[in-house]
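Enquirer: I have a structure I would like to understand better, so I am pasting it below and will then ask my questions one at a time.
The values are calculated or read from the model by the stated rules, or taken from the named source; none is laboratory data. Keep in mind the model is a prediction, meaning the values are calculated, not measured. Cβ placement follows ideal geometry from the backbone for every residue including glycine, while neighbour counts extend to all protein chains displayed.
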Amino acid sequence: MKSFKQHTGLVAPIDRANVDTDMIIPKQFLKSIKRSGFGPNLFDELRYLDEGHPDQDNSQRPLNMDFSLNQPRFKGASILLARENFGCGSSREHAPWALDDYGFRAIIAPSFADIFYNNCFKNGLLPIVLSKDIVDSLFLALAENEGYELLIDLEQQCIVLPDGTSLSFEIDAFYKQCLLEGLDEIGLTLQDKESISAFEQQWRKDSPWLFDVL
Amino acid sequence: MAGKTLYDKLWDSHLVKQREDGSALLYIDRHLLHEVTSPQAFEGLRLAGRKPWRIDANLATADHNVPTTTSERAGGIAAISDSVARIQVQTLDDNCEAFGISEYKMNDAGQGIVHVIGPEQGATLPGMTVVCGDSHTATHGALGALAHGIGTSEVEHVLASQCLVAKKMKNMLVRVDGELGIGVTAKDVVLAVIARLGTAGGTGYAIEFGGDVFRTMSMEGRMTVCNMAIEAGARVGMVAVDDITLDYVKGRKFAPTGELWERAVANWQTLHSDDNAVFDAVIELRGEDIQPQVSWGTSPEMVLPVSALVPDPEQMDDPVKREGATRALSYMGLKAGQPLTDIKLDRVFIGSCTNSRIEDLRAAAAVARGRKVAANVKQVLIVPGSQAVKAQAEAEQLDQIFIDAGMEWREPGCSMCLAMNADKLGAGEHCASTSNRNFEGRQGNGGRTHLVGPAMAAAAAVTGHFVDVRELMSNETA
């Protein structure tokens, strides 16, 4: 997994609460058996005026110019500013894959849905929870300032605003370490394979009906 | 000392290692796989040169994008007309074969929606930890199991290590005491709970459903309730083990027998929250207060009793709710103050991991019997949750009731719940659906989903608009 230490990038808004994973990447694109290539269909139903299909030439499709990501000022954005309960709905990891493939490195919101939040960390994407008031103020600042950029420092757990103000954020110690070092989580777990085997051996004795039936 | 909740017990019994950073390794007993969220996980295993840790913990089936028409199904995988879906279904078969994983293939007798076949086959049991790359995995919590959805990276992680890196959630009790009125179902209960909690109210919690209403509810009903825990933000929903659970599990294909059954039962009988257990949050509703529900908006929390009027966003104090409701009414093509019973339906979908079990089909058939689909309804899809449910329904001749009413009797799969196959809504079409999500575009680009229970869906199909199903029932008794 790619690491995340420090990132400076342009911010783009998605100004609605409860953005669900169907909205992030509609179901017709889930039939792919790959992890990459979802970026052009990120927010497909909001972004384009026609109905999207897999294997389409997306550059030929009519754009919804009211949608933030289609506006020239947000071109190349790598930090997404969002509202409450971002990523609710399904467990599809295609949602963080699409955000990553588009070029986002971090998402800032007052709250995230659990499974989506978890999935982000597996893909080098940093979800940052800030208070609703702070997120409101960021939306205002973003609306007023073209080319609005933020610096995110994971090591220091802070976001530096253009005026130099620093906002701190909380993050789980395990996830932080994984992101900073770009750790292979499976490899990390398998370092405990003796503990897993020992547990399994005892568990098999205690609950034999759970084994060897399928 | 405070007692333990059901969730505490299940967590503790599966804890391999508590790490200093607060994360933990949790042992996984059962891993369910399907075609959509597994291919990248198998690919990851291959690239890293890893093997599954414990083959017999895994069970796979094809459900999300299999076709549901009998003609298209009959030709097997080669006949799946959508080439991208065909590759995905074939890839699951290939991966299961290559890694030696048990699979119910598309046309096998055990095939069905993954959350229907797990309990049905006894492949998911009380006291297990169950995961699947699907957010509706909480369904299996109805058995007194700790079950939740995971992403594809975690699918790979569980395949490789039989463990999940997890953090303990908080405990929430949703207590519904009293009795449900006639015609009020498990779906209405869970929709009413979601209306109360909100779509994110359960975030970070494991929910246990307790109280009189759940104690007397069938296993099918409990599955419907636990299935939708995620629509309130909670990854986990659970119901304590009781005699109803044990009666359901006994005799299932993969359930223990003989002496092992006795041992298992002794263990399972401890799977309830202690009397002095402390919950971090408690939500209480009364069964008598719950009416048949209909969702009017684009989030499962936007739901009201069928007798209600479409709400007026201007009357909402919370600006986030107001904006959400305004957007929802515009998307749904509804006006504030309009009775829900005035909403005309274009299509009706009865199926999904929420409501496609035999009890659901019986409830829908009871309403459809001797009636005809209303003229304005273009299509009514009845999609059984599994091959076994389909066979049972046909043995009871429920299929004939549906066909006589002008409805379509289909092959098992996820179908129009998420519209990955050809079963979907056209733009602007209203659908009474027994599924779990009414998000924008969920059932087809521009489609308008209204979540209801199976009897309410059947009632909408035969009248052409929403109606309190109890009105049709009272006609029958009169």
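Enquirer: Hey, any hits in the range B:469-478 for a residue that's within 19 Å of the chain's Cα centre (by Cα) and at pLDDT 95 or above?
Expert: Checked against the condition, which is being within 19 Å of the chain's Cα centre (by Cα) and at pLDDT 95 or above, the range B:469-478 yields no hits at all.
Enquirer: Hey, among the residues in the range B:87-140 that are farther than 18 Å from B:ARG252 by Cα, among the aliphatic types (A, V, I, L, M) and crowded, with 22+ Cβ neighbours inside 10 Å, which one's farthest from the chain's Cα centre (by Cα)?
Expert: First, the residues of the range B:87-140 that are farther than 18 Å from B:ARG252 by Cα: B:87-101, B:105-107, B:129, B:131-138.
Next cut, among the aliphatic types (A, V, I, L, M) only: B:87, B:89, B:92, B:98, B:101, B:106, B:131, B:138.
After this cut, where a residue has to be crowded, with 22+ Cβ neighbours inside 10 Å as well, the list is B:89, B:92, B:101, B:106, B:131, B:138.
Details: B:VAL89: 21, B:LEU92: 22, B:ILE101: 24, B:MET106: 20, B:VAL131: 14, B:ALA138: 8 Å.
The residue in question is B:ILE101.
Enquirer: Based on what the data block shows, is B:GLU154 charged (D, E, K, R) and within 14 Å of another protein chain (Cβ to nearest Cβ)?
Expert: Values: charged (D, E, K, R): yes; within 14 Å of another protein chain (Cβ to nearest Cβ): yes.
Taking the combined requirement at face value, the residue satisfies it.
Enquirer: Out of the residues in the range A:94-112 that are in a loop (DSSP other than H, G, I, E, B) and within 11 Å of the chain's Cα centre (by Cα), state the one that is surrounded by the most Cβ atoms within 10 Å (Cβ to Cβ). Give the steps one after another, and end with the answer.
Expert: Pass one, the range A:94-112, residues in a loop (DSSP other than H, G, I, E, B): A:103-105, A:110-111.
Then drop every residue that is not within 11 Å of the chain's Cα centre (by Cα), which leaves A:103-105.
On the way: A:GLY103: 13, A:PHE104: 22, A:ARG105: 19.
Once the filter is applied, the top-ranked residue is A:PHE104.
Enquirer: Determine which single condition B:ALA432 fails, assuming it passes every other condition in (1) more than 14 Å from every other protein chain (Cβ to nearest Cβ); (2) touching a residue at least 40 places away in the same chain (Cβ under 8 Å); (3) buried (at least 23 other Cβ atoms within 10 Å of the Cβ); (4) in contact with an Asp or Glu (Cβ under 9 Å, 6 or more places away or on another chain).
Expert: Unmet for B:ALA432, out of (1) more than 14 Å from every other protein chain (Cβ to nearest Cβ); (2) touching a residue at least 40 places away in the same chain (Cβ under 8 Å); (3) buried (at least 23 other Cβ atoms within 10 Å of the Cβ); (4) in contact with an Asp or Glu (Cβ under 9 Å, 6 or more places away or on another chain): (4).
Enquirer: I'm checking my understanding of the structure. Among residues of the range B:42-53 that are hydrophobic (A, V, I, L, M, F, W, C) and within 8 Å of another protein chain (Cβ to nearest Cβ), which one is surrounded by the most Cβ atoms within 10 Å (Cβ to Cβ)?
Expert: Applying the first criterion (hydrophobic (A, V, I, L, M, F, W, C)) to the range B:42-53 yields B:42, B:45, B:47-48, B:53.
Restricting the remaining residues to those that are within 8 Å of another protein chain (Cβ to nearest Cβ) gives B:48, B:53.
Details: B:ALA48: 13, B:TRP53: 20.
Per the stated criteria, the residue is B:TRP53.
Enquirer: If you scan the range B:72-97, which residues turn out to be away from chain A (no Cβ under 13 Å), in a helix (DSSP H, G or I), under 28 Å from B:LEU159 (Cα atoms) and in contact (Cβ under 8 Å) with a residue 24 or more places away in the chain?
Expert: Across the range B:72-97, the qualifying residue is only B:ILE77.
Enquirer: Looking at B:ASP56, B:ASP63, can you tell me which residue is within 23 Å of B:LEU381 (Cβ to Cβ), in contact (Cβ under 8 Å) with a residue 24 or more places away in the chain and surrounded by 12 or more Cβ atoms within 10 Å (Cβ to Cβ)?
Expert: Being within 23 Å of B:LEU381 (Cβ to Cβ), in contact (Cβ under 8 Å) with a residue 24 or more places away in the chain and surrounded by 12 or more Cβ atoms within 10 Å (Cβ to Cβ) holds for just one of B:ASP56, B:ASP63, which is B:ASP63.
Enquirer: Considering (1) among the small types (Gly, Ala, Ser); (2) part of a helix (DSSP H, G or I); (3) free of Cβ contacts under 8 Å to residues at least 40 places away in the same chain, say which one B:GLY446 fails and leave the rest.
Expert: In the conditions (1) among the small types (Gly, Ala, Ser); (2) part of a helix (DSSP H, G or I); (3) free of Cβ contacts under 8 Å to residues at least 40 places away in the same chain, B:GLY446 misses (2) alone.
Enquirer: So A:VAL11 clears everything in (1) within 14 Å of chain B (Cβ to nearest Cβ); (2) outside any loop (DSSP other than H, G, I, E, B) except one condition, right? Which one?
Expert: (1)
Enquirer: Of everything in the range B:329-343, what is more than 30 Å from B:ASP212 (Cβ to Cβ), in contact with a Leu (Cβ under 8 Å, 6 or more places away or on another chain) and crowded, with 17+ Cβ neighbours inside 10 Å? Give them in sequence order.
Expert: B:ILE343 - this is the single residue of the range B:329-343 that is more than 30 Å from B:ASP212 (Cβ to Cβ), in contact with a Leu (Cβ under 8 Å, 6 or more places away or on another chain) and crowded, with 17+ Cβ neighbours inside 10 Å.
Enquirer: Could you check how many residues of the range B:37-71 are among the β-branched types (Val, Ile, Thr) and either assigned to a strand (DSSP E or B) or on the phi > 0 side of the Ramachandran plot (or both)?
Expert: Taking the range B:37-71 and keeping what is among the β-branched types (Val, Ile, Thr), we get B:37, B:55, B:61, B:66, B:68-70.
Those left that are additionally either assigned to a strand (DSSP E or B) or on the phi > 0 side of the Ramachandran plot (or both): B:61.
Counting residues in the range B:37-71 that are among the β-branched types (Val, Ile, Thr) and either assigned to a strand (DSSP E or B) or on the phi > 0 side of the Ramachandran plot (or both) gives 1.
Enquirer: For B:MET223, state whether it is away from chain A (no Cβ under 13 Å) and farther than 20 Å from B:ASN438 by Cα. Even if it seems obvious, please write down each step before you answer.
Expert: Details: away from chain A (no Cβ under 13 Å): yes; farther than 20 Å from B:ASN438 by Cα: no.
Spelling it out, it is not the case that B:MET223 is away from chain A (no Cβ under 13 Å) and farther than 20 Å from B:ASN438 by Cα.
Enquirer: So how many residues does the range A:1-31 have that are under 23 Å from B:GLU156 (Cβ atoms) and in contact with a helix residue (DSSP H, G or I) (Cβ under 7 Å, 6 or more places away or on another chain)?
Expert: Selection size over the range A:1-31: 8.
Enquirer: OK, next. Restricting attention to the range B:18-41, does a residue exist that is within 12 Å of chain A (Cβ to nearest Cβ), more than 24 Å from the chain's Cα centre (by Cα), under 24 Å from B:HIS140 (Cα atoms) and β-branched (Val, Ile, Thr)?
Expert: Taking every residue of the range B:18-41 in turn, none turns out to be within 12 Å of chain A (Cβ to nearest Cβ), more than 24 Å from the chain's Cα centre (by Cα), under 24 Å from B:HIS140 (Cα atoms) and β-branched (Val, Ile, Thr).
Enquirer: Ok, one more. Report every pair of residues separated by at least 6 positions or lying on different chains whose Cβ atoms are under 7 Å apart, first residue within the range B:257-282 and without any contact (Cβ under 8 Å) to a residue 60 or more places away in the chain, second among the aliphatic types (A, V, I, L, M) and assigned to a helix (DSSP H, G or I).
Expert: B:VAL265/B:LEU246
Enquirer: Separate question: B:ALA200 is checked against (1) of a type outside the set (Asp, Glu); (2) over 17 Å from B:LEU173 (Cα atoms); (3) surrounded by fewer than 24 Cβ atoms within 10 Å (Cβ to Cβ) and fails just one. What number does that condition carry?
Expert: With respect to (1) of a type outside the set (Asp, Glu); (2) over 17 Å from B:LEU173 (Cα atoms); (3) surrounded by fewer than 24 Cβ atoms within 10 Å (Cβ to Cβ), B:ALA200 is out only on (2).
Enquirer: Now a separate question. How many residues are in contact with a helix residue (DSSP H, G or I) (Cβ under 9 Å, 6 or more places away or on another chain), at the interface with another protein chain (Cβ under 8 Å from one of its Cβ atoms) and surrounded by 14 or more Cβ atoms within 10 Å (Cβ to Cβ) if we restrict to the range A:53-93?
Expert: Result for the range A:53-93: 9.
Enquirer: Further, regarding this structure: Can you name the condition, by its number, that B:ASP108 falls short on among (1) in a helix (DSSP H, G or I); (2) more than 20 Å from A:GLN28 (Cα to Cα)?
Expert: Of the numbered conditions (1) in a helix (DSSP H, G or I); (2) more than 20 Å from A:GLN28 (Cα to Cα), the odd one out for B:ASP108 is (1).
Enquirer: Let me ask something else. If the requirement is being over 21 Å from B:VAL16 (Cβ atoms), at pLDDT 95 or above and more than 9 Å from chain A (Cβ to nearest Cβ), which of these qualifies: B:GLY122, B:GLY210, B:GLY204, B:GLY183? Quick ask: steps written out before the conclusion?
Expert: Details: B:GLY122 fails: more than 9 Å from chain A (Cβ to nearest Cβ); B:GLY204 fails: more than 9 Å from chain A (Cβ to nearest Cβ); B:GLY183 fails: at pLDDT 95 or above.
None of the others qualify; the one that does is B:GLY210.
Residues checked against (1) of a type in the set (Val, Ile, Thr); (2) within 22 Å of B:PRO67 (Cβ to Cβ):
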site: B:ASP423; (1), (2): no, yes
site: B:THR434; (1), (2): yes, yes
site: B:ARG448; (1), (2): no, no
site: B:LEU451; (1), (2): no, no
site: B:ALA455; (1), (2): no, no
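Enquirer: Output the strands (runs of 3 or more DSSP E) that fall wholly within the range B:257-365 and possess 1 or more residues being under 26 Å from B:THR185 (Cα atoms) and over 20 Å from the mean Cα position of the chain (by Cα), or say none. Steps first, answer last, please.
Expert: Working: elements: B:281-286, B:293-295, B:303-305, B:347-350.
Result: B:281-286, B:303-305, B:347-350.
Each row is one residue, and each column tells you yes or no for (1) at pLDDT 95 or above; (2) closer than 26 Å to A:ASN18 by Cα; (3) assigned to a loop (DSSP other than H, G, I, E, B).
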residue	(1), (2), (3)
B:ALA393	yes, no, no
B:PRO412	yes, no, yes
B:ASN421	no, yes, yes
B:CYS431	yes, yes, no
B:ARG437	yes, yes, yes
